[in-house]
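What follows is a short report on a single structure.
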Amino acid sequence: MDNGLRRIVAIMGLACASFAATAGVLESSQQNISDRSRIERQWRERCVESAGDDPRHRPTIFEGYRASGYRGALEPDSIWSRSVREHHLPDKTLYSMRYAPSPYGDELYESIEPVSDTTTFVAMRKGCAALLDAQGRVLIDQFNKYESVYLHDAKKGQGMVLRLTRGAPDEWGFAFYTYVRIRAGRIAARAPQWYASGICSQAGKAVELNEKWPVTLRAFTEVCDGDNHWGLLRLADLKEIIPTAYEGVGQLTVGMVDSPASALFAVRRGALKFFNLDGRPLDVPDAQRFDTYWVNFHEATDYVVLFNDTEKTCRIYVRPLLTALIDEAIPIVRGDHCPEVKDPLYVGAPGLLEFSDKQGKRRRYQVDPNGLRAHLLPD
């Protein structure tokens, strides 16, 4: 068993004594992290019983009041009052949906909380949560924590996105989570799978690239399937625009880290693949690394250089859609350097790109004044 799985089992053992026996079964049966489905099934079956008495893991019971009054004073929640019925038992109070038809009307919960409107609710029973519509029908169940997700450039009527979590929510634990978009009491969109946190890590070249060009787009989030397979999820429609099949993902920018992204990239077995912001593959060859720079023509022109270290060549592309500046590969010079377009402001040969091809023949290109295309000059 690798160190990651030993950590997982140790965390599960600390989480609850009642789960210790199961943890022993997991330790003896799992050989690698690809057996994460067995771990997830245990969490799903037992939901958060493994949280034990740790107050950090204990679900919050909603009793019909919100701190919405003056200086945070508790006030009755009108949606809850209209939609939820109380059942006073000798030792506790349980709740049901007021307008739930049979058989849902018999469903009693320890807590029912309105999520965002009059049509969607989160109900808790024995530490396990379910997302309900106004009639008490279960939209999705077997999670123990939820939180709303801010949608950048959200459109009116789009609904809201929730992140649902299964497992210990503390920073030292691991968990599985998914996203769901609800609108008018229905699931309008749902992420294609449950993702893992606490047991994934990018490695090797993916780490190096991601540290320099991390995903900072607010409309996207990096996701991992638990086997260290990374992808990129678009929050607006909850589609994996880059599937969870890579060692890491990032965004391509020129200049400062917070510059607008024009493309995305993913790493697999040391090779880079590039995508536009809708996840469609760009028509550029795979590369082992890339770099960026800009040249000050009438307006700044951004260039992206893709390096093929196997062939010892580089290619120059113009941002944002990675269109080729010239149609040929350029030999890499001085170890790892690619010839650059000369900046008109600082050199005597404005917009000139020159290099020697593989046969040693000198090649000279003149870049158009807009910086978007270059033409071969005669000898």
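A few comments on the model shown:
- Computed log₁₀ I(q)/I(0) - Debye formula, equal Cα scatterers, no solvent, the range 261-304, q 0.24, 0.25, 0.29, 0.32 Å⁻¹: -0.90, -0.93, -1.06, -1.15
- If you model the range 220-379 as an ellipsoid using its alpha carbon gyration tensor, with each semi-axis the square root of five times an eigenvalue, the axes come out at 32, 18, 12 Å, biggest first.
- Distances between every pair of Cα atoms in the range 277-340, grouped in 5 Å steps from 0 to the bin holding the largest one, split as 4, 17, 28, 25, 15, 9, 2, 0 percent.
- Loop trypsin sites (Lys or Arg not before Pro), the range 60-146, which have at most 12 other Cβ atoms in a 10 Å radius of their Cβ (DSSP): 92, 126
- Straight-line cross-link partners of residue 92 among the lysines, defined as a Cα under 22 Å from its Cα and at least 8 positions apart when in the same chain: 126.
- Using C-alpha pairs under 8 Å with a sequence gap of at least 6, the mean separation divided by the residue count of the range 211-312 gives a relative contact order of 17 percent.
- If the chain linking residue 218 and residue 147 were pulled fully straight, counting 0.36 nm for each residue of separation and taking away their Cα-Cα distance, it would gain 23.9 nm.
- Residue 271-residue 375 FRET efficiency (beta carbon distance; Förster radius 30 Å; 0.05 resolution): 0.45
- Counting only Cα atoms, the range 205-248 measures 30, 23, 13 Å along its principal axes, largest extent leading.
- Of all lysines in the structure, the ones whose alpha carbon falls short of 21 Å from that of residue 361, not counting any fewer than 8 places away in one chain, are 312, 342.
- Cross-link partners of residue 273 among lysines (Cα-Cα below 16 Å; sequence separation of 8 or more within a chain): 205
- Nearest-0.05 FRET efficiency for residue 71 and residue 91, computed from C-beta distance (R0 45 Å): 0.85
- For the range 208-292, applying the loop criterion from DSSP together with a ceiling of 14 other beta carbons within 10 Å to the trypsin sites (Lys or Arg not before Pro) yields 218, 269.
No lab work stands behind these numbers, since they all come straight from the coordinates. Keep in mind the model is a prediction, meaning the values are calculated, not measured. Using ideal geometry, Cβ is built from the backbone for each residue, glycine included, and neighbour counts are taken over all protein chains shown.
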